[in-house]
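Chemist: Pasting a structure here, questions to come.
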Amino acid sequence: MTADSIYHLFEWLITALASTLVFIIFMMQVYRIPTGSMADTLKGAHFRLRCEQCGYAYDYDFSPRSYKLAETVVPSRDLPVLKEACCPSCGYRYRTGMRTSDPRHAREVFKGDQIFVIKCIYQFFEPNRWDVIVFKNPLEPRINYIKRLVGKPGEKVEIIDGDIYINNRIMRKPPDVQEELWMPIYDNDYIPARPAEPRFGQGSWSQPFVNVGTSRWDPSGSGSTVFTLNESGRGVHRIQYNPSSGNDFRAIHAYDPPEFIPYMPICSDLMIRCYPKPIAAESALGAELGKYGRRYEGWIHANGQMMIRRIETGKEPVLLASGSFATEPDDEGMREFRFANVDHQLILEYGSARLVHDLGRGSGDAGTNRTIYPEAAILGYGRLELHHIALFRDLHYLSTDATNPQRPILRGGPDDPIVLGEGEYFVCGDNSPFSSDSRWWEKPGTGNKGRTFPAGVVPREYLVGKAFFVHWPGGYRVMKKFFRFIPYVEGMKVIVGGQAGWDRSEAGPDTETERHP
């Protein structure tokens with residue numbers, strides 16, 4: 001190799017290095033998520049569990065302090081799951097009770113999601129509500145946090161029954177964000193193998209969808225995960241979800257220890273999903289959801305008609321919205337049917353057809369009696385066969401302490417809104433029970449030259465960038481051990497996602513209970 005070629009090689013390498021540094025400093029940077037304050041949207045270090053009863057796979061938080069490790073350490077060796085976990089589908093409680101790294105009980109600890117963050121974007125554009133943003137922690141500006149932006153400058157922010165209200169109007173999530181935030185309550189594709197075993201949330205397990213009155217749904221159908229109806233006439237048959245037989249409607253996260261389940265509030269924003277076989281002639285499929293004592297039905301009929309209506313006891317149903325869908329030949333594949341009551345909207349979907357009814361955006365427009373338990377049921381008449389039946393709930397922002405329901409959050413709760421000033425933002429974590437965010441920050445933020453910011457706000461100058469995409473999911477492995485494509489220094493402090501936990505470890509007698517960032 002000549003001296004000239006060596007010179008040009010070094011010139012190319014220096015140029016490439018300089019370009020990379022400019023890209024990292026000003027354009028885009030890679031971050032690793034070590035904690036679970038944004039789970040399940042973004043996961044920190046976690047175990048990957050599969051329910052011993054029904055086979056449902058879910059992720060579960062790894063808490064380093066439970067193992068007497070530093071906050072951001074992710075061990076390279078397998079460890080036992082010390083705390084109890086709860087299946088999000090059947091409610092089965094998984095617990096080992098092990099306090100040692102016995103290899104028979106040890107599981108792999110997966111590192112958190114690795115994401116790209118677009119830096120400096122907010123120097124040129126206004127942040128959008130529901131963006132997942134990276135920002136400097138107002139209490140410790142040297143540390144980066146990651147949360148979801150919910151409040152913007154000049155707005156009054158209030159959390160009412162799990163929903164975000166801005167200037168007294170509910171803020172609806174965009175469809176792509178809403179898809180991220182649905183959480184399973186029950187999935188009929190996963191049936192417990194030993195339902196009599198008394199380690200489910202309510203004791204032993206039984207099929208939570210139960211026929212009402214003279215209803216003739218067969219919840220086993222042609223297989224254990226299929227619902228069938230084979231009746232003549234137009235009499236409606238109703239099979240209703242019984243929350244005492246499986247998971248109930250509490251705002252729990254399978255990612256978190258289930259010790260606080262009794263303290264979690266009820267979430268009434270629900271969605272029913274199934275995949276019906278092409279609907280036979282003279283047949284119809286519907287779903288019913290009840291919220292605040294008001295009941296609504298979404299129907300699709302064999303003739304291609306779809307409708308949403310309100311049901312009142314002793315009165316004729318009230319038609320709220322109607323539309324149509326393209327009927328398909330009988331050999332056409334199954335299409336997804338969904339009916340949701342979320343963010344004060346009724347949404348009926350069948351394949352690509354979509355019907356929406358607005359219940360109003362005021363806090364009382366969808367009802368005011370929040371003490372009435374929500375309901376969910378599947379309706380139908382004629383001949384129907386349903387596959388992949390599932391029930392989901394929406395993200396529910398807590399306005400009380402998960403360990404003490406009588407202790408309200410510091411700001412933004414019902415009847416205690418926070419008003420944001422110029423250049424001030426309000427952020428919340430998707431894992432609401434375990435997120436240290438604008439609701440909980442006790443002290444004013446610190447700035448340069450002795451400046452301070454109001455407690456609970458993120459100043460514009462502390463915005464780092466927008467989370468772009470997960471380019472390396474934390475659960476992915478090319479091989480189970482030893483080899484990992486993206487190196488990660490154990491204990492490296494990149495983002496502390498603000499996970500506020502209450503650590504009741506079984507690791508030893510000297511473990512303390514505390515809330516930590």
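Chemist: Of everything in the stretch 235-262, what is part of a strand (DSSP E or B) and over 22 Å from the mean Cα position of the chain (by Cα)? Give them in sequence order.
Modeler: Step one: filter the stretch 235-262 for residues part of a strand (DSSP E or B), giving 237-241, 250.
Once the filter is applied, which keeps residues that are part of a strand (DSSP E or B) and over 22 Å from the mean Cα position of the chain (by Cα), the stretch 235-262 yields His237, Arg238, Ile239, Gln240.
Chemist: List every residue pair whose Cβ atoms lie under 6 Å apart, where the two residues are 6 or more positions apart in sequence or sit on different chains, the first residue falls within the stretch 418-431 and is within 11 Å of Val457 (Cβ to Cβ), and the second residue, located anywhere, is basic (Lys, Arg) and part of a loop (DSSP other than H, G, I, E, B).
Modeler: Once the first residue is within 11 Å of Val457 (Cβ to Cβ) and sits in the stretch 418-431, its partners that are basic (Lys, Arg) and part of a loop (DSSP other than H, G, I, E, B) give Ile418/Arg411.
Chemist: Under 9 Å by Cβ, and 6 or more places apart or on different chains, what pairs join a residue from the stretch 301-316 that is over 14 Å from Glu288 (Cα atoms) with one that is open to solvent by 60 Å² or more (accessible area, probe 1.4 Å) and hydrophobic (A, V, I, L, M, F, W, C)?
Modeler: Pairs that qualify, where the first residue is over 14 Å from Glu288 (Cα atoms) and the partner is open to solvent by 60 Å² or more (accessible area, probe 1.4 Å) and hydrophobic (A, V, I, L, M, F, W, C), are Ala302/Ala281; Asn303/Ala281; Gly304/Ala326.
Chemist: Which condition number does Gly290 fail, the rest of (1) under 28 Å from the mean Cα position of the chain (by Cα); (2) not in a strand (DSSP E or B) being met?
Modeler: Every listed condition holds for Gly290 apart from (2).
Yes or no, residue by residue, for (1) at pLDDT below 85; (2) surrounded by fewer than 17 Cβ atoms within 10 Å (Cβ to Cβ); (3) out of contact with any Ser or Thr (no Cβ under 9 Å at 6 or more places or on another chain):
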{"residue": "Pro88", "(1), (2), (3)": "no, no, yes"}
{"residue": "Pro103", "(1), (2), (3)": "yes, yes, yes"}
{"residue": "Gly112", "(1), (2), (3)": "no, no, no"}
{"residue": "Arg129", "(1), (2), (3)": "no, no, yes"}
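Chemist: Could you list, in sequence order, the residues of the stretch 223-234 that are farther than 18 Å from Tyr190 by Cβ and not in a loop (DSSP other than H, G, I, E, B)?
Modeler: Hits for the stretch 223-234 are Thr228, Leu229, Asn230.
Chemist: Okay, next question. Taking the stretch 116-146 as the region of interest, how many residues are under 14 Å from Gly465 (Cβ atoms), outside any loop (DSSP other than H, G, I, E, B) and free of Cβ contacts under 8 Å to residues at least 60 places away in the same chain?
Modeler: Count: 1.
Chemist: Here's a follow-up. Counting only residues that are surrounded by fewer than 17 Cβ atoms within 10 Å (Cβ to Cβ) and within 20 Å of Arg370 (Cβ to Cβ), how many does the stretch 142-190 have?
Modeler: The number of residues fulfilling the criteria is 2.
Chemist: Restrict the check to the stretch 199-222 and report whether at least one residue is of a type in the set (Phe, Trp, Tyr) and part of a loop (DSSP other than H, G, I, E, B).
Modeler: The answer is yes, given that some residue of the stretch 199-222 is of a type in the set (Phe, Trp, Tyr) and part of a loop (DSSP other than H, G, I, E, B).
Chemist: In the stretch 328-350, which residues are surrounded by 15 or more Cβ atoms within 10 Å (Cβ to Cβ) and not charged (D, E, K, R)?
Modeler: Across the stretch 328-350, the qualifying residues are Met334, Phe337, Phe339, Ala340, Asn341, Val342, His344, Gln345, Leu346, Ile347, Leu348, Tyr350.
Chemist: Looking at Val210, is it open to solvent by 60 Å² or more (accessible area, probe 1.4 Å), of a type in the set (A, V, I, L, M, F, W, C) and either in contact with a Leu (Cβ under 6 Å, 6 or more places away or on another chain) or within 30 Å of Pro64 (Cα to Cα) (or both)?
Modeler: Judged against the criteria, Val210 is not a match.
Chemist: Scan the stretch 322-340 and tell me whether some residue there is within 25 Å of Pro265 (Cβ to Cβ) and not small (Gly, Ala, Ser).
Modeler: First, pick out the residues of the stretch 322-340 that are within 25 Å of Pro265 (Cβ to Cβ): 338-340.
The next check asks that each one be not small (Gly, Ala, Ser); those that pass are 338-339.
Yes; the residues of the stretch 322-340 include at least one that is within 25 Å of Pro265 (Cβ to Cβ) and not small (Gly, Ala, Ser).
Chemist: Scan the stretch 332-364 for residues that are over 15 Å from Cys274 (Cα atoms), touching a residue at least 24 places away in the same chain (Cβ under 8 Å) and not in a strand (DSSP E or B) and report the count.
Modeler: Adding up the residues that qualify gives 6.
Chemist: Need pairs with beta-carbon distance below 6 Å; first residue open to solvent by 50 Å² or more (accessible area, probe 1.4 Å) and within the stretch 213-241, second at pLDDT 90 or above and in a strand (DSSP E or B); sequence gap 6+ or separate chains.
Modeler: Arg216/His237; Asp218/Thr228; Asn230/Arg383; Arg234/Tyr381; Val236/Leu379; Val236/Tyr381
Chemist: Among the listed residues Leu270, Leu320, which satisfies the condition of being open to solvent by less than 20 Å² (accessible area, probe 1.4 Å) and either modelled with pLDDT of 95 or more or hydroxyl-bearing (Ser, Thr, Tyr) (or both)?
Modeler: On the way: Leu320 fails: open to solvent by less than 20 Å² (accessible area, probe 1.4 Å).
Being open to solvent by less than 20 Å² (accessible area, probe 1.4 Å) and either modelled with pLDDT of 95 or more or hydroxyl-bearing (Ser, Thr, Tyr) (or both) holds for just one of Leu270, Leu320, which is Leu270.
Chemist: Run down Val457, Val464 and say which single residue is among the β-branched types (Val, Ile, Thr), within 30 Å of Tyr60 (Cα to Cα) and surrounded by fewer than 23 Cβ atoms within 10 Å (Cβ to Cβ).
Modeler: Checking each option against the conditions leaves just Val464.
Chemist: Scan the stretch 419-440 for residues that are under 24 Å from Glu259 (Cα atoms) and in a loop (DSSP other than H, G, I, E, B) and jot them down.
Modeler: Matches in the stretch 419-440: Gly429, Asp430, Asn431, Ser435, Ser436, Asp437, Arg439, Trp440.
Chemist: What are the pairs with Cβ atoms under 7 angstrom where one residue, in the stretch 366-384, is touching a residue at least 40 places away in the same chain (Cβ under 8 Å) and within 30 Å of Lys277 (Cα to Cα) and the other, located anywhere, is part of a loop (DSSP other than H, G, I, E, B) and open to solvent by 70 Å² or more (accessible area, probe 1.4 Å)? Sequence gap at least six, or different chains.
Modeler: Cβ pairs passing all conditions: Leu379/Val236; Tyr381/Arg234; Tyr381/Val236; Gly382/Glu282.
The values are calculated or read from the model by the stated rules, or taken from the named source; none is laboratory data. Since this is a predicted model, take the numbers as computed values, not measurements. Glycine gets a Cβ as well: all are built from the backbone with ideal geometry, and neighbour counts include every protein chain shown. Note: accessible area is taken over every heavy atom of the protein model, side chains too, but ligands, DNA and RNA are not part of it. Shrake-Rupley method; radii C 1.70, N 1.55, O 1.52, S 1.80 Å.
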